[in-house]
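Participant: Okay, here's the structure, questions in a sec.
Any read-out appearing in this document is the output of simple, stated calculations on the displayed coordinates, not a laboratory observation. Just so we're clear, the structure is a prediction, and the values are computed from it rather than from any experiment. Neighbour counts run over all protein chains shown; Cβ positions are idealised from the backbone, glycine included.
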Amino acid sequence: MASVELHNIHKAYGALTVIHDISLAIEDGEFIALVGPSGCGKSTLLRMIAGLEEITDGDVSIGGQVVNAMTPRERNIAMVFQSYALYPHMTVAQNMGFNLKLSGETKQVIEQRVNEAARMLDLTKLLDRKPAQLSGGQRQRVAMGRAIVRNPAVFLFDEPLSNLDAKLRVQMRSEIKALHQKVQTTSIYVTHDQIEAMTLADRIVVLNQGNIEQQGTPIELYRKPANLFVAGFIGSPA
Ligand code: ADP
Ligand code: MG
C-alpha cells in the first residue's frame, strides 16, 4: 500500500489543455472514486499516475516519492481496464502469472501467488481454462487476478465494469468491495456510474473539464452537492 499525491498536475495535448491544475492527496488504503462526464480527463489522469502518459507539468508521488521519471513497472501500480485484453492462447493461470514471469520471479513464487489470487477471486477451478471458455465476469476476475498477483502498491481502475451487463455489474461491484476489504490496497476507481461510486468509495472526486469540481465522502456529496453539476452526478434527484 502507498499514498498517492498529485501536485499541481497539468496536461496539454498540443494547444488543448485537458487537466488544468489538479492537486489531490490519497491516503494509504483509501478507495477513491473519480467521476465526471466523458472527456473530462479521468483516463488521462489515471494514465499519468500509472506512467503511461507524460505529465506536462506537476508531480506525482507514490509513498512519498516523486515518480515522474519512473517507468510504469517501477511504480508498482496495477491498472484494470474495461477491455481486459487477456492473452487468448494462454490459460487463466498463465495469464495471471505472465507479469511475474516477465519480472523474473521463480516458478514456485508465481504458482503460489497465482493460487492465492485465484482463491481470493474464486478462480481456482478455472485455472486451466482459456479465456474463450470463460464468461465476461470470469474474464474480468482474471484481469483483476493478473493485477493482484503483483502485489501492487496502488490499484487503478478505468471503468472496469462498463462492458458487463447490469446484473454482472452489481455482482462484480460487491466482489471489488470485498477484495478491497481484504487487501486494502490504495485504489483510484474511475466510473460514470453513480451507484458504483457511492457504494465503493471512501471519497468521491468529481471532475469537470480537467478541474476538481468537488470532493468528499459519498454522504457529503449526496447531501451537499456544491452545485447543479455535482448534483447531476451524485446529489439527490430532487
Ligand atoms: P475521460 O476518460 O474522462 O472520458 P480522457 O482523459 O480520455 O477523458 O480525455 C480527456 C480529453 O483529452 C478529451 O478531450 C480527449 O479528446 C483528449 N485526449 C485524450 N487523449 C488524447 C490524445 N492522445 N491526443 C489528443 N487528445 C487526447
Ligand atoms: Mg476514459
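Participant: Taking one equal scatterer on every alpha-carbon of the range 109-221, how large is log10 of I(q)/I(0) by Debye at q = 0.11, 0.14, 0.15, 0.22 1/Å?
Facilitator: Taking Cα atoms of the range 109-221 as identical point scatterers yields -0.40, -0.63, -0.71, -1.32.
Participant: Ordered by residue, what ³J(HN,Hα) values in Hz, to whole numbers, does the range 212-217 give under the Karplus form 6.51 cos²θ - 1.76 cosθ + 1.60, where θ = phi - 60° and Gly and Pro are x?
Facilitator: 7, 7, 6, 9, x, 5
Participant: Moving to a separate point now. Length gain on complete extension for the stretch V66 to N99, per 0.36 nm per residue less the alpha carbon to alpha carbon distance? Spell out each step's value before the answer.
Facilitator: Numbers: separation 33, 0.36 × 33 = 11.88 nm, distance 2.39 nm.
Additional length available on full extension: 9.5 nm.
Participant: Mind grabbing the base-10 log of I(q)/I(0) for the chain at q = 0.09, 0.10, 0.15 Å⁻¹? Debye formula, identical points on the C-alpha positions, no solvent, two decimal places.
Facilitator: The Debye formula, applied to the Cα set alone, gives -0.38, -0.47, -1.04.
Participant: Multiply the residue separation of V170 and T199 by 0.36 nm, subtract the distance between their alpha-carbon atoms, and state the gained length in nm to one decimal. Mind dumping the intermediate values first?
Facilitator: Values: separation 29, 0.36 × 29 = 10.44 nm, distance 1.05 nm.
Length gained, V170 through T199: 9.4 nm.
Participant: Still on this structure, I have one more. Which links in K101/K177; K107/K177; K130/K167; K42/K101; K107/K130 stretch past 26 Å when you go from one Cα to the other? Spell out each step's value before the answer.
Facilitator: Working: K101/K177 28 Å; K107/K177 30 Å; K130/K167 24 Å; K42/K101 31 Å; K107/K130 20 Å.
Pairs exceeding the cut-off: K101/K177; K107/K177; K42/K101.
Participant: Next question, about the same structure. Would you please state which residues of the range 1-30 a label at E116 would reach in this model, taking the label point 7 Å out along Cα→Cβ and a backbone N cut-off of under 15 Å?
Facilitator: Answer for the range 1-30: 1.
Participant: For the chain, what is the mean residue ellipticity at 222 nm derived from helices alone (per DSSP H run of n ≥ 4: -39500 (n - 2.57); sum divided by total residues; nearest 500 deg cm²/dmol)?
Facilitator: Rounded to the nearest 500, it is -11000 deg cm²/dmol.
Participant: State, to one decimal in nm, how far the label point of K107 lies from the label point of D21, with both points 7 Å from Cα in the Cβ direction.
Facilitator: 5.8 nm
Participant: Starting at the first residue of the range 67-76, write each ³J(HN,Hα) from the Karplus equation 6.51 cos²θ - 1.76 cosθ + 1.60 with θ = phi - 60°, in whole Hz, x for Gly and Pro.
Facilitator: 10, 3, 8, 8, 6, x, 4, 5, 6, 6
Participant: If you average 1/r over every pair of different alpha-carbon atoms in the range 49-169 and take one over that average, what Kirkwood value in Å do you get?
Facilitator: 15.3 Å
Participant: Distance from the Cα centre of the range 115-167 to that of the range 7-57, in angstrom?
Facilitator: 25 Å
Participant: Give the peptides 107-115, 89-97 in descending order of average Cβ contacts within 10 Å, highest first. It would help to have the intermediate numbers written out before the result.
Facilitator: Numbers: 107-115: 15.7, 89-97: 20.7.
Ranked from most to least packed, the peptides come out as 89-97, 107-115.
Participant: So, one more: Of the listed peptides 189-202, 15-28, what is their order by residue-averaged count of other C-beta atoms within 10 Å, with the highest listed first?
Facilitator: Highest-to-lowest ranking by the protection proxy: 189-202, 15-28.
Participant: Of the listed peptides 98-105, 153-160, what is their order by residue-averaged count of other C-beta atoms within 10 Å, with the highest listed first?
Facilitator: With the highest mean Cβ count within 10 Å placed first, the list reads 153-160, 98-105.
Participant: Shifting gears a bit: Residue-wise, which Karplus ³J(HN,Hα) couplings in Hz belong to the range 6-18, taking 6.51 cos²θ - 1.76 cosθ + 1.60, θ = phi - 60°, and x for glycine or proline?
Facilitator: Each residue of the range 6-18 in turn: 10, 10, 6, 7, 10, 9, 10, 9, x, 7, 8, 7, 10 Hz.
Participant: Oh, and also: Starting from one equal scatterer on each C-alpha and no solvent at all, send me the Debye-based log10 I(q)/I(0) for the range 1-48 at q = 0.13 Å⁻¹, two decimals.
Facilitator: With one equal scatterer per Cα and no solvent, log10 I(q)/I(0) is -0.33.
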